[in-house]
1. I need the full set of residues from segment 155-213 which are of a type in the set (Ser, Thr, Tyr) and farther than 17 Å from Tyr144 by Cβ, in order please.
2. Show me the strands (runs of 3 or more DSSP E) entirely contained within segment 257-342 in which 1 or more residues are assigned by TED's automatic domain parsing to the domain that holds Leu93 and without any contact (Cβ under 8 Å) to a residue 24 or more places away in the chain.
3. Which residue out of Lys22, Lys96 is assigned to a loop (DSSP other than H, G, I, E, B), in contact with a Lys or Arg (Cβ under 8 Å, 6 or more places away or on another chain) and surrounded by fewer than 17 Cβ atoms within 10 Å (Cβ to Cβ)?
4. So which residues in segment 25-51 are part of a loop (DSSP other than H, G, I, E, B) and hydroxyl-bearing (Ser, Thr, Tyr), if there are any at all?
5. So which residues in segment 276-314 are among the small types (Gly, Ala, Ser) and under 15 Å from Ser331 (Cβ atoms), if there are any at all?
6. Which of the residues belonging to segment 182-212 are touching a Lys or Arg at 6+ places or on another chain (Cβ under 8 Å) and of a type in the set (A, V, I, L, M, F, W, C)?
7. If we scan segment 35-48, do we find a residue that is near the ligand (Cβ under 9 Å from one of its atoms) and surrounded by fewer than 18 Cβ atoms within 10 Å (Cβ to Cβ)?
8. For the subset of segment 52-75 comprising residues that are touching a Ser or Thr at 6+ places or on another chain (Cβ under 7 Å) and in a loop (DSSP other than H, G, I, E, B), which member is farthest from the ligand (Cβ to nearest atom)?
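The values are calculated or read from the model by the stated rules, or taken from the named source; none is laboratory data. Since this is a predicted model, take the numbers as computed values, not measurements. As a convention, Cβ positions derive from the backbone with ideal geometry for all residues, glycine included, and neighbour counts pool all protein chains shown.
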Amino acid sequence: MDAEEIKKEAKEALYWKSINDKIVQCTLCPNFCVLKPDEYGKCKARQNINGKLYTLVYAKPCSIALDPIEKKPLYHFLPGNEALSIATAGCNLHCKHCQNWEISQAFVWQVPFEKVSPESIVEHAKQAGVKIISYTYTEPTIFYEYMLDIAKIAKKEKIKNVMVTNAYINPEPLKELLKYMDAANIDLKSMKPEFYEQICDARLQPILEAIKIMHKKIWIEITNLIIPTLNDSDEDINSIIQFVKSLNKDVPLHFTAFWPAYKLEHLPPTEESTLLKAREKAIEQGLRYVYAGNIHNIETNTTYCWKCGKPVIRRIGFMVIENALKKGKCSYCNATIAGVWD
Ligand code: SF4
């Protein structure tokens with residue numbers, strides 16, 4: 001399909017307002033794009049068509065796959081389960097290090113996609129026998145209407161909904177979405193406004209506000225990708241730890257390794273020692289569940305009981321190899337381990 005054919009199938013968006021009879025403003029994310037007739041939003045997923053705002057990606061996923069929930073990463077949410085994972089083209093951020101830039105920085109007609117209704121996604125999950133649907137790979141906020149419709153049907157069918165998000169979403173649509181969402185992994189890239197401005201083309205403050213809203217309503221885990229020279233200083237790491245601690249010491253924090261990609265191919269990958277140091281520091285500061293991901297290290301991907309220190313969930317890569325939790329409690333000392341468990 002080309003741009004004109006996609007336009008004919010577009011669905012009216014949920015969050016926007018008229019500036020005048022021709023110009024619209026999208027109110028879904030903090031970019032607040034103001035669009036003249038036929039213009040596209042910064043996310044490439046929304047267009048002003050005849051003075052109304054439309055989503056171009058509704059029911060047009062470019063990725064559908066089964067992933068372990070550990071891959072999101074969500075380590076304290078139904079461990080050992082698979083999630084039916086979906087995405088459409090587009091993103092409201094333009095991160096220079098994006099690993100999925102081929103789909104996140106594309107219009108829907110520039111990448112292969114299928115037409116799949118929300119009902120069919122849920123049916124697919126049921127047939128695959130999975131308990132979780134995950135909105136991921138690109139930024140799910142930009143396929144908000146599709147995600148919301150799937151999540152509503154899934155919830156009725158007792159299937160959980162999780163999102164992997166940059167948290168660049170406005171409070172009103174977020175609160176509506178959270179009625180149907182069960183968990184989120186949030187990519188908190190830095191606590192420096194200039195990092196978001198220069199590397200991601202975004203602003204930090206709305207992200208912190210969205211994280212606080214999510215934390216009040218659903219289970220969250222935070223990921224911080226450590227990029228050499230850009231956000232790997234002691235100050236960078238400390239400020240991430242302090243923010244997570246200000247939410248709650250039970251919020252899991254995942255430090256993950258950068259791999260050179262997209263516009264940051266000239267930077268080196270993150271050294272394992274940097275991740276280990278960051279993890280140690282976070283544990284010292286009192287966070288209870290801190291992981292170092294994207295590296296082969298069983299210890300840094302193990303969940304330890306905060307009270308007795310024994311390992312309660314061991315993982316190799318994304319595979320759970322041992323689960324010593326009993327109804328969410330450590331089977332050695334009976335301490336409660338925060339999370340959503342079977
Ligand atoms: S969702 Fe897209 S169109 Fe809407 S404000 Fe954000 S970037 Fe702009």
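1. Selection gives Ser190, Tyr196.
2. none
3. One residue alone meets the criteria, Lys22.
4. Thr27
5. Residue satisfying the conditions is Gly309 alone.
6. Once the filter is applied, which keeps residues that are touching a Lys or Arg at 6+ places or on another chain (Cβ under 8 Å) and of a type in the set (A, V, I, L, M, F, W, C), segment 182-212 yields Ala183, Phe195, Ile199, Cys200, Leu204.
7. yes
8. Here the answer is Tyr75.
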